[in-house]
Every structure is written in structure tokens, then in C-alpha cells.
Amino acid sequence: MTVLKVGALQLALNKSNNLDYVINSIENFCRDNKSLELVILSELAVGGPGAKNTDYRLDKYISTFSDLAKKLDIWLIPGTFYEQDGDSVFNTAPVFNSNGELVTKARKLYPWLPYEINVDSGNDICIFDMPGKGIIGVHICYDLWFPETSRALAIAGAELIINPTLTPTKDREIETLMVRTTAAQQQAYYIDINSCGDQGCGLSIAADPEGNILHKSSDQEDLFIIDVDFDVSHNSRVKGYMNLGQNLKSYRDNSFDNLSSLSKNDDYLNNLGELKDFNKEK
């Protein structure tokens, strides 16, 4: 049995300036749960939303979280930060190993337009191999709404998908259903971690490869642990959901290479109109 202990922190955060609280929360949680191997936080946990605010750029925090991961001997995804890269700004989740090395970075593929302005789209998926455990994929918040992103992670080998999220909006409940569906579709563990307090509305959720809920938070602060058994996720892909649908093998063996490009109707899509905030029209 290849089990990974993941600590997920749904923290009650201020709108910004949360660095000290985030660090103290990680340290205390790891002190009380010494078996933790990977710790994850919500999207923009430290600095909050607003890409024009340069006070919370990723480069300012690399050494801080590198040192913390090494000190606590954990792999760490400390939420996301806005990352300046030339003229572009990305919403980026850094991944540190237990030696404090920056292993990889996930850039949000689908910024939440038209609301998340001044943020560029990433152009690649993010997976990493945790030695002795398995392959893990990361995508960010609104990426959940685009099933092709989770499928791309799954066919790249990810058997655990992590989704740092920041949302206070009324569609959160439907997102929790989407997490269960995505887990079953991709036959992977899925952990969606939100914030609460002044930032988000909570309702973090974790599901197993058959879509069963392993944990669901309320709208209050919640620090929880998920045991990810990579043998379970692998067997789910080998034998299928409830020993029935073998999704990834069917995908592998199908002659269609890219259904979305085959069926895309530009005229129809263009007739939907521009991206805009319809809430402002009320």
C-alpha cells in the first residue's frame, strides 16, 4: 500500500497580508501531525486577489517557503502567488520538496475572466513525481470548470489532482459536485482547497477515484488530513469504476485524437458574445 498523507489547510484569512498567519498555521499543523508528507493551501492565500498589487509577487516568497519546507521536512504547495515573467503576470502555485527545492510551478490555465483581469493564461499542465509515492497534478481554481485540464493531468499519469481555490461566490456548491465528478471521470483522488474568512466561503472537498467524498469542510476554518492511496487510484484505472468503466484505457484506445478540435464551431462560439460581468447590469 502506497499511502501519502496530505494536510490541507482551509484557513480563515484576511483579504491580504496573511504571511505570518499562514506560516504559523503550517508549523503548528505539522507539529501536531508529524506524519504529514505534503501540505497544501488555497489560491492566493498570502496576498489575496488583485494582480496589479506587486507586494505579493512570487519571487519575494520563494526563499521563505523553501526554508519552511526544508525545516518541516515536507513537500509544500503554499497556495498561489502572482508571478511576473517579463511583461506577463501568471497566477502560479510553486511546489517545494522536503529539501526545500522548487520542483515545479503550476500556472493557472484559465484565469476567471472577466473578473480576474491582468492575468495571463499558462500554456502547460503541471505534474510532478513524488518519489516512493506517485504522480501528482496541479491545476488552479477555475481550471476545474474545464474538464480537458483534468483529463490532460490524468493521461500524463497524475493519480492525485490538487486544486488550490479562492472563491466566495454562490456557485461553490456546484463546484463541490464537479470535484466528485472529476475524480470519477479521471479515476484520481481530487483535493480542492478553498479559504474562508474574508477571502473565501470554504466548502473545501476531497474525493476518491470513485467520486466518494473523503472530506467536506464547512464555511469555517478547517485543517484536515487525507490519506491518498496510490494503489487504489491505480487499481481503479486498471479495473474500472466499480469494476465497470475503464475510462483511461478507453481514451487510450479510441481513434479520436482531439475531439474538441474536431467539433469546434467558431461561428456558434462567436455568437455567444463577449466576456463581460453581467452582475453589473442588475
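The values are calculated or read from the model by the stated rules, or taken from the named source; none is laboratory data. Given the structure is predicted, the values throughout are model-derived calculations rather than measurements. Here Cβ is always computed from backbone atoms with ideal geometry, including for glycine, and neighbour counts include all displayed protein chains.
Which number in (1) touching an Asp or Glu at 6+ places or on another chain (Cβ under 9 Å); (2) modelled with pLDDT under 95 marks the one condition that residue 239 misses?
So the condition that residue 239 fails would be (1).
Residue 163: buried (at least 24 other Cβ atoms within 10 Å of the Cβ) and polar (S, T, N, Q), yes or no?
Here the answer is yes, as residue 163 does meet what is asked.
Has the range 32-43 got any residue that is farther than 25 Å from residue 110 by Cβ and free of Cβ contacts under 8 Å to residues at least 12 places away in the same chain?
Yes, the conditions are met somewhere in the range 32-43.
Scan the range 83-109 residue by residue and report those that are farther than 11 Å from residue 126 by Cα, in contact (Cβ under 8 Å) with a residue 40 or more places away in the chain and of a type in the set (A, V, I, L, M, F, W, C).
102
Within the bounds of the range 167-188, is there any residue that is under 18 Å from residue 7 (Cα atoms), hydrophobic (A, V, I, L, M, F, W, C) and touching a residue at least 40 places away in the same chain (Cβ under 8 Å)?
Checked the range 167-188: at least one residue is under 18 Å from residue 7 (Cα atoms), hydrophobic (A, V, I, L, M, F, W, C) and touching a residue at least 40 places away in the same chain (Cβ under 8 Å).
Against the condition at pLDDT 95 or above, under 17 Å from residue 204 (Cβ atoms) and polar (S, T, N, Q), how does residue 28 come out, does it pass?
It is false that residue 28 is at pLDDT 95 or above, under 17 Å from residue 204 (Cβ atoms) and polar (S, T, N, Q).
May I ask you to say which residue of 134, 100, 86 is closer than 18 Å to residue 26 by Cβ and small (Gly, Ala, Ser)?
Sole residue among the options that is closer than 18 Å to residue 26 by Cβ and small (Gly, Ala, Ser): 100.
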